[in-house]
Amino acid sequence: GRGGIIVSFHQEVGGIEVFRDEIKVLMNRDHELIALSGFIRGAPAARGRTLRFDLTAPEALLRAMEDYLSPKTSGLDPRDFQAKGEKPGGYESFEANRRSLEGFGITMSEPARAKRILFDLPEGLEPAFYLELSLGALDTEDADCYAWVISALDGRILMRHNLTASDSFSYRVWAESTGLRMPLDGPQGS
């Protein structure tokens, strides 16, 4: 190729990825440094807590579903999430029991993804699960896609992020009235 080379460095402790700790290095074709972006904190093991995962991935998925459906979540159980195998990037795939979700008027449009991570908190690294769920109403093909980070120690929600982007924009374009009809800089012309 002729473009720049980008190398990503991720941090792991005990073979578990530290969530969002990453540095990207941009180099030219001669491997000379052009730019750096990102951040990795130093000595995470010294600040870290125990790497014990008290919750399982299905229990973390249940906690995310409770947050999504809140307050109407009675009737869901961790056994409603069945492992369907490993996916690229260290993820594990889970499908939900359809009947259990239909009782809440929702469905999963695709299997959930779960990954063991370490989440950086001021008091140290906390074992957690990064989860992605795509959930929608039974009567529509639309889905809400969310990511959660759930503590593997006590089930606290450490992060929730809406992965669905749907924006609409309204704007006017002024253009030449003849010829190529090229856009103008504004209503005043070019």
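The values are calculated or read from the model by the stated rules, or taken from the named source; none is laboratory data. These figures come from a predicted structure and were not determined experimentally. Here the Cβ is made from the backbone with ideal geometry for all residues, glycine too, and neighbour counts use every protein chain on show. Areas reflect the complete protein model, heavy atoms only, side chains present, ligands, DNA and RNA absent. Shrake-Rupley method; radii C 1.70, N 1.55, O 1.52, S 1.80 Å.
Data overview
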read-out: Other-chain or far-sequence residues with amide H under 5 Å of LEU121's (modelled H); value: GLU126
read-out: Charge dipole (the chain, unit charges on Cβ, about Cα centre) - positive-most of ILE23, PRO187, ALA165; value: ILE23
read-out: Length released on extending from TYR68 to ILE5, taking residue separation times 0.36 nm less the Cα-Cα span; value: 18.7 nm
read-out: The range 125-176: C-alpha pair distances exceeding 12 Å, %; value: 72
read-out: Dimensionless Rg ratio for the range 97-190, taking C-alpha atoms and the 2.2 N^0.38 Å reference; value: 1.86
read-out: Carbon + sulfur, % of accessible area of the chain - ligands and nucleic acids excluded, 1.4 Å; value: 48
read-out: Cα long-axis angle, helix 57-69 against the chain (0 to 90 degrees, to the nearest 10); value: 60
read-out: Ellipticity estimate at 222 nm from DSSP helix runs (n ≥ 4, -39,500 (n - 2.57)) divided over the chain, nearest 500; value: -3000 deg cm²/dmol
read-out: Mean shadow area of the chain over all directions, Cα convex hull, nm²; value: 18.8
read-out: With all protein chains modelled, accessible area of ARG181 [1.4 Å, Å²]; value: 150
read-out: Among ALA152, ALA64, ALA83, residue whose mean-square fluctuation peaks in a GNM of the chain (springs only between Cα atoms under 10 Å); value: ALA83
read-out: Segment SER93-ALA35, length gained on full extension (0.36 nm per residue, minus Cα span); value: 17.3 nm
read-out: Theoretical FRET efficiency, 1/(1+(r/R0)^6), r = Cβ-Cβ of GLU12 and SER170, R0 35 Å, to 0.05; value: 0.15
read-out: Residue-level accessible surface for GLU123, protein heavy atoms, 1.4 Å, Å²; value: 110
read-out: Whole-Hz couplings from phi, Karplus 6.51/-1.76/1.60, listed for the range 88-103; x for Gly and Pro; value: x, x, x, 8, 10, 9, 9, 10, 9, 5, 4, 4, 4, 6, 4, x
